[in-house]
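See below for the structure under consideration.
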Amino acid sequence: MLLLAALAGPAAGAAGSDPVVTVEETVTTPAPGTTVTTTRTSTSAPPAEPEEPAAVDPVCTAAQTLIDQGRPVDALALIDAERTARGEEAAQLCTEQRRDALLAETTGPEGPIGDADRAWEAIVEQWITPLLGSMLLALGWTALAFVVAVRVLTALPWMHSRRRDRGAQAALAVGAATSAVVALVLIAALLDQRGRGSRFEEGGVAGEGVVQAPSVFWIGPAVLLVVSAVLTAAHLLGRLRVSLLAMDVQGDVDRSKERTTQLIALLGRVGGSPPAGVEIPRGSDVTSLGDSMLLPAPVGAVAKAVLGILAALVGRTPWKVALDYLDDDTAAVVVSRNGRTVQTAELSTSAGPAVGGVFAGNDIEEKRSMLCALAAGVVIVALSRAHPGFEGLGGATDGRSVGLQYVATTTFTDDHRTAMLLLGRALQIDPGNRAADVALQNLLHRRATDAVELRAYRDSLAETADSLQRDGHTLLAQRVLITYFAVLVNLHAAAPTTLRPYDLPQRHLQMEKLLAETERRDRVTEQDPLLLATRQRYAVLVAAVEAEYRGIGSEPAPGGLDAVAASTAPAAGPPTVSAATTPTAVPDRSRLDPHGAYNSALVALQNNEDALAEFLIQPALTSLELRRWIRRDPDVVRNRDRAAVARMAGGGSPARLWDLELFAPHRAACRRAGIATPLALATVGSDEKTAADLGLTTATLRRLADAAGVAGRLWSVAAPSLPRRTNFLTVRTDLAQWRVDLAEIVLDGDEPDVATPNGVVEALRKRVPRPAAEHEDFAAEVGAWLVELGLVA
């Protein structure tokens, strides 16, 4: 029987409360012989309604966001700041987020970033911390030995003789770095064996000690470090880094900083700017310094000390240049490489011995600029001996010659006479300066109007172009061929009967090949102004040549070749034109320095080739020494009656009075002031203002004016004409062609006994070709002339 009883819940006074129900359950289970009654009581209440979730503080949300972003430190800072601001009641604010932030800060974030951080910490704990002391000591000694080895290697002469390009430099750097890294890794691995295991003593007893790696294991790192040192030294020596310092102290004014800046700018212009000049090379064709680093040397004491130590350790700048201005007209430059002096030179603004400067005395800035350009030339040539990429020097091997050529073709672009003097001086210093030779020949003959001179210049240009092309001077060969085509036009205008050159088609092919080679070399990514200007000029000249020689036949080719065959023949040598009026070509005449040109001209005179002699003598006349000697040279004296020789000697030209020792040093200043010949000095006042304008003292100006007055009388009084008897006829020698000689004898006083009339006569007789039988007549005529001139009593 099942009995259910329901009991009343809470009293009615508990109204409003949820009812509670108590249930009692009695179960009677019959069994054989007995009856079991079980009563169970249970109380149930209705289910409670769910509580509303508590609101999350925005600070906790922000902190959780920072933790998720891997910024636990920022999350901790945010929570702590908020707790402090709110006071004690917020002491448990964001407890869960703070715990997570502390855990993330200790173990790192989850994911790849956290794994990497934990791996690095393990490496530090297992490898770096135990080996730090040993590694630092080993690295210190290794670094010291490495630096010493590198500095010793950079001082070896054989290291300086290697020339490397950019690819080789990069390979050296990579090889040195790789060798050093591998060596350090091996050293670290060997050091890691220290302290691991036991060392057995005699008798088999294990004792405590430090296990050392076998000595043979250290050979590998040592060899790698030696290899790295050698490669590093080679790389440092190959770096094109230059430190520059110019010292210029004028009284209390120190202009060293400005001069250093000027030297850097000029060095960049000479060696780092694009080539310029369609016919005449304006400066050099070197562009290698455009990728180098030109640095001013430190000025302050602290900077000098710090950078000096740095340079001693790592060789920051292998090249150092020191330029010291000694006075207004001279300077000294020293170029060193890794502490070894490799080039020194004393520089001067003079165009040569006894010529004097090319600037007036008060042109201080112009003089400084010229000295700076000369120093830049010295630096460029010094760098060219150790680094590739300086082929644009055109064969020059002396920096002074390069500097003079730069000044002549840039500063004196409009002053051809001074430019020719400087170019002649450049060739005297360095006959191999092909750029200076091309520029000088252009100034001497480009504007000629005589057909014979133009024809000789044309043939010389053809030979020069072939020679330059063979030697790899592409840009110079281009310039020479441009001039060649221009001279062809002028030659036909001067002599309309001139035939077309037999090798003209060959010259066109040669020019096209040179232009294509120039464009292929390094003009792919940038516009080359010179190449563009050359192409435009060449197109105009092609049309001009065709118009000038239209309908005109070709000259006969040498060796019986016809013009077509000659046009396809290789340019193995200069053409030889068979025209009777064309002088015979001499081998390699375009490369002659002034002295070589002088000797070649004398050979032409002996062969009775007067026109060729006049052509070849022009470079020689840029030398003051040779302009003076030509009037005394016995080989010339015996031919002074010939018209061509008289023009070469210039004895009747007032302009050649500038050759005199008295006038030569002041030629540049006087010509700049508009004084064309020394004769004009006789009419110039000797006041202080005029003297200051010319950069002279009043005493010097007065002396020049007096000498000009004496020379003026030579041109105001007619010179005697002396008969000279030969086997067949009588020729007359006009002493007007010896006026400069007589002025030189009287004013310079170099000849002995010129203080007496007989001494003057004897000195002049040595320069006039007269047979011994006519000496008495010569003395009488010249003596009377001297009396009329008022030079002797």
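The helices (runs of 4 or more DSSP H) found wholly in the range 405-477 and carrying at least 2 residues that are crowded, with 21+ Cβ neighbours inside 10 Å and either hydroxyl-bearing (Ser, Thr, Tyr) or free of Cβ contacts under 8 Å to residues at least 40 places away in the same chain (or both) occupy 416-429, 451-470.
One line per residue, one yes/no per condition, for (1) modelled with pLDDT of 80 or more; (2) touching a helix residue (DSSP H, G or I) at 6+ places or on another chain (Cβ under 9 Å):
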residue	(1), (2)
522	no, no
553	yes, yes
557	yes, yes
573	no, yes
579	no, yes
603	yes, yes
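Of the conditions (1) in contact with a strand residue (DSSP E or B) (Cβ under 9 Å, 6 or more places away or on another chain); (2) among the acidic types (Asp, Glu); (3) at pLDDT 85 or above, residue 734 satisfies every one except a single condition; which number is it? Here residue 734 meets the rest and fails (3). Restricting attention to the range 369-395, the residues that are in contact with a helix residue (DSSP H, G or I) (Cβ under 8 Å, 6 or more places away or on another chain), buried (at least 22 other Cβ atoms within 10 Å of the Cβ) and closer than 24 Å to residue 417 by Cα total 9.
A quick yes/no check of all residues on (1) closer than 19 Å to residue 417 by Cβ; (2) part of a helix (DSSP H, G or I); (3) of a type outside the set (Lys, Arg):
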| position | (1), (2), (3) |
| --- | --- |
| 648 | yes, yes, yes |
| 655 | yes, yes, yes |
| 668 | yes, yes, yes |
| 679 | yes, yes, yes |
| 685 | no, no, yes |
| 691 | no, yes, yes |
| 695 | yes, no, yes |
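Out of all the residues in the range 656-673, is one or more without any contact (Cβ under 8 Å) to a residue 24 or more places away in the chain, surrounded by fewer than 18 Cβ atoms within 10 Å (Cβ to Cβ) and out of contact with any Leu (no Cβ under 7 Å at 6 or more places or on another chain)? The answer is no, given that none of the residues of the range 656-673 is without any contact (Cβ under 8 Å) to a residue 24 or more places away in the chain, surrounded by fewer than 18 Cβ atoms within 10 Å (Cβ to Cβ) and out of contact with any Leu (no Cβ under 7 Å at 6 or more places or on another chain). Please verify whether residue 649 is surrounded by 20 or more Cβ atoms within 10 Å (Cβ to Cβ) and under 26 Å from residue 774 (Cβ atoms), treating the condition exactly as stated. Yes. Annotation note: Cβ proximity below 6 Å between a residue of the range 240-256 that is without any contact (Cβ under 8 Å) to a residue 12 or more places away in the chain and a residue that is surrounded by 17 or more Cβ atoms within 10 Å (Cβ to Cβ) (sequence gap 6+ or interchain) occurs for 255/248.
Screening residue 661 on (1) closer than 25 Å to residue 790 by Cβ; (2) modelled with pLDDT of 85 or more; (3) not hydrophobic (A, V, I, L, M, F, W, C) shows it passes everything except condition (2). All of (1) modelled with pLDDT of 60 or more; (2) part of a helix (DSSP H, G or I) hold for residue 244 with one exception: (2).
Conditions (1) touching a Pro at 6+ places or on another chain (Cβ under 9 Å); (2) farther than 30 Å from residue 369 by Cβ, marked per residue:
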{"residue": "413", "(1), (2)": "no, no"}
{"residue": "419", "(1), (2)": "no, no"}
{"residue": "438", "(1), (2)": "yes, no"}
{"residue": "441", "(1), (2)": "yes, no"}
{"residue": "459", "(1), (2)": "yes, yes"}
{"residue": "469", "(1), (2)": "no, yes"}
{"residue": "478", "(1), (2)": "no, no"}
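Within the range 318-352, the residues that satisfy the criterion of being among the aliphatic types (A, V, I, L, M) and more than 20 Å from the chain's Cα centre (by Cα) are 326, 331, 351.
Tell me yes or no: at least one residue of the range 611-630 is over 22 Å from residue 745 (Cα atoms), in contact (Cβ under 8 Å) with a residue 12 or more places away in the chain and among the basic types (Lys, Arg). There is no residue in the range 611-630 that is over 22 Å from residue 745 (Cα atoms), in contact (Cβ under 8 Å) with a residue 12 or more places away in the chain and among the basic types (Lys, Arg).
Put simply, of 327, 398 the only residue that is out of contact with any Ser or Thr (no Cβ under 8 Å at 6 or more places or on another chain), surrounded by fewer than 16 Cβ atoms within 10 Å (Cβ to Cβ), modelled with pLDDT of 85 or more and not aromatic (Phe, Trp, Tyr) is 327.
The values are calculated or read from the model by the stated rules, or taken from the named source; none is laboratory data. In this text the structure is predicted, and so the values were computed from the model without any measurement. Neighbour counts are summed over all protein chains in view; Cβ atoms, including those assigned to glycine, are modelled from backbone coordinates with ideal geometry.
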